[in-house]
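Every read-out reported here was derived from the displayed coordinates using simple, explicitly stated rules and does not represent laboratory data. Everything quoted here is computed from the prediction, not taken from an experiment. All Cβ positions, even for glycine, are placed from backbone atoms using ideal geometry, and neighbour counts span all protein chains on display.
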Amino acid sequence: MQQCFIVGYPEGVGVRVSERVFYPVWKSGNIASEPRFFVDGVPKILVDATTCAGMSGSPVYASSVSRNRFIGVYTGRTSMLTDLGFVFTTEAICQILQRGLFMGAIPYPNLNT
């Protein structure tokens, strides 16, 4: 099990250090699916973390002994009844940028085609 961090502003909460500086919260969790395989054939993985409104779009980092590695973008929980959430992987992000898939032009299940 690998620890991960979702860096964002849950329900607008952060750490204000001055009038102009407002740092995000680092929510911890664990990668919950096999990271070498995608969920439903889409370049996304599952994480098990207590998240809430305001976390969607947050960067997700996998933790290791020497550093934290960017692994994707948090998109939200699978349902309100669980702490499982989806993370679009760096591969998904690259596909979106390369193909110009934004503003709902093509639904995400087609990313892997």
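Some observations on this one:
- Amide H contacts of Ile71: Val60, Tyr61, Ala62, each under 5 Å away and 5 or more positions distant or on a separate chain (H built 1.01 Å from N in the peptide plane; Pro and chain starts excluded).
- Charge dipole (debye, nearest 20) of segment 3-110; +1 at Cβ of Lys and Arg, -1 at Cβ of Asp and Glu: 280
- Theoretical gain in end-to-end length, Ser66 to Val39 [0.36 nm per residue, Cα-Cα removed]: 6.9 nm
- Distant-in-sequence amide H partners of Ser33 (H built 1.01 Å from N, under 5 Å): Leu46
- In the chain, one over the average inverse separation of all distinct C-alpha pairs is 14.8 Å, which is the Kirkwood hydrodynamic radius.
- Nearest 10 degrees, 0 to 90: helix 90-99 Cα axis against the chain principal axis: 60
- Dipole of segment 8-67, positive end: most advanced residue of Val47, Pro59, Phe22 [Cβ charges, Cα centre]: Phe22
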